Structures are given as C-alpha cells and as structure tokens.
1. Among the residues of the range 42-52, write down those that are open to solvent by 40 Å² or more (accessible area, probe 1.4 Å) and out of contact with any Lys or Arg (no Cβ under 9 Å at 6 or more places or on another chain).
2. Please state which of the following conditions Thr8 fails to meet, knowing it meets all the rest: (1) more than 30 Å from Leu139 (Cβ to Cβ); (2) touching a residue at least 40 places away in the same chain (Cβ under 8 Å); (3) hydroxyl-bearing (Ser, Thr, Tyr).
3. Hey, does the range 80-99 have a residue that's open to solvent by 40 Å² or more (accessible area, probe 1.4 Å), closer than 30 Å to Arg145 by Cβ and of a type in the set (A, V, I, L, M, F, W, C)?
4. Keeping to the range 1-24, report how many residues are touching a Phe, Trp or Tyr at 6+ places or on another chain (Cβ under 8 Å) and within 20 Å of Ala82 (Cα to Cα).
5. Exactly one condition in (1) open to solvent by less than 70 Å² (accessible area, probe 1.4 Å); (2) modelled with pLDDT under 80; (3) of a type in the set (S, T, N, Q) is false for Asn119; which is it?
6. Among all residue pairs at least 6 apart or on different chains, which show Cβ distances below 6 Å where the first residue, located in the range 107-126, is more than 23 Å from Phe6 (Cα to Cα) and free of Cβ contacts under 8 Å to residues at least 24 places away in the same chain and the second is of a type outside the set (A, V, I, L, M) and surrounded by 15 or more Cβ atoms within 10 Å (Cβ to Cβ)?
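The values are calculated or read from the model by the stated rules, or taken from the named source; none is laboratory data. Nothing here was measured: the structure is a model prediction, and the numbers come from that model. So basically every Cβ, Gly included, is an ideal-geometry build from the backbone, and we count neighbours across all protein chains shown. Surface accessibility is based on the protein's heavy atoms, side chains included, excluding ligands, DNA and RNA. Shrake-Rupley method; radii C 1.70, N 1.55, O 1.52, S 1.80 Å.
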Amino acid sequence: FAYLPFATEGLDVEPLTKEDLVAVIPVAHRLARERSITIKDLSGEPLVLPNRAVMPQLRQLITGLFDLNASKMNVAYEVEQAVNLLNFVGTGLGCSLLSNYVLRIKHDTAIYKPIDPPNVSLELAVMKRKDSRPPADRLFQMALREF
C-alpha cells in the first residue's frame with residue numbers, strides 16, 4: 001500500500017481511495033471557531049507534520065499547497081504517527097494537515113476542519129510486482145475484491 005504519486009515501474013497498481021485533507025487545530029486556537037480553514041490561515045502558524053521520510057507524498061502535497069498559496073510553512077515538529085501528531089496538536093504545540101481518515105479518531109483537545117478550497121486529496125493505492133508468482137497474483141486479486 002502506498003500513496004501516489006509513487007515510482008510504479010515494474011508494479012501493478014490499483015488505486016483504492018482518495019482521501020481529502022483536513023486541518024487539525026487545537027480546540028483553544030483562534031481558528032477553532034471557523035467553519036473551514038484556508039492555507040493562508042495557517043501561514044506562519046507552528047505546524048506539526050508527518051515526518052517527510054514516513055509520509056513523503058503528504059509532505060510534498062502540503063509543501064505544494066503552501067507554495068501555491070504564497071504562504072509560509074513554519075514546521076515546529078515532525079512526528080511519525082498520526083496519534084502522536086494529534087497529541088502534539090491537542091497540547092497546543094501547533095496545527096496540522098492530515099488525510100481525512102483521522103476523522104475516525106476522536107480527540108478531546110484537537111478538532112478537524114475542512115480545508116477551503118476543498119478536494120485537496122491523496123490517492124491511496126495497492127501494488128504488487130508485475131513479475132510476482134501466481135499465488136501472489138491470486139492473493140492480490142482477492143485483496144482487491146475485499147476492498
């Protein structure tokens with residue numbers, strides 16, 4: 001499983017889902033009462049972001065959004081897991097942007113806000129080697145049917 005874009009030479013790739021980005025804001029933050037958040041709203045704000053080595057596609061997307069909106073990225077912390085990121089945001093150490101899968105994680109001190117304009121998303125795909133053995137091919141097809 002990987003987020004696209006990804007080097008796919010020699011791989012069979014099947015897109016699974018598109019995940020929209022959401023802003024993650026501390027409940028006591030000045031932006032917490034807004035209906036939606038723009039990238040300009042986050043310009044200069046301390047950010048808690050996924051580690052570039054762990055989530056390179058998400059970091060590339062976020063960097064591109066800040067560049068496109070002539071906004072300043074102020075990366076205060078990098079973390080490896082979403083739960084840690086939510087805890088950092090919840091303690092007021094910064095704001096973040098994450099895939100909307102985090103909406104399933106309830107957090108009392110961090111809130112989720114849609115990003116305006118909407119439809120900024122990552123595409124999750126499943127992949128396997130093109131030269132894999134037939135049993136692996138069958139498992140790959142079974143997994144795709146399950147999803």
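1. Of everything in the range 42-52, just one residue is open to solvent by 40 Å² or more (accessible area, probe 1.4 Å) and out of contact with any Lys or Arg (no Cβ under 9 Å at 6 or more places or on another chain), namely Pro46.
2. Failed condition: (1).
3. Checked the range 80-99: no residue is open to solvent by 40 Å² or more (accessible area, probe 1.4 Å), closer than 30 Å to Arg145 by Cβ and of a type in the set (A, V, I, L, M, F, W, C).
4. Adding up the residues that qualify gives 4.
5. Unmet condition: (1).
6. Every condition considered, the pairs that remain are His107/Gly90.
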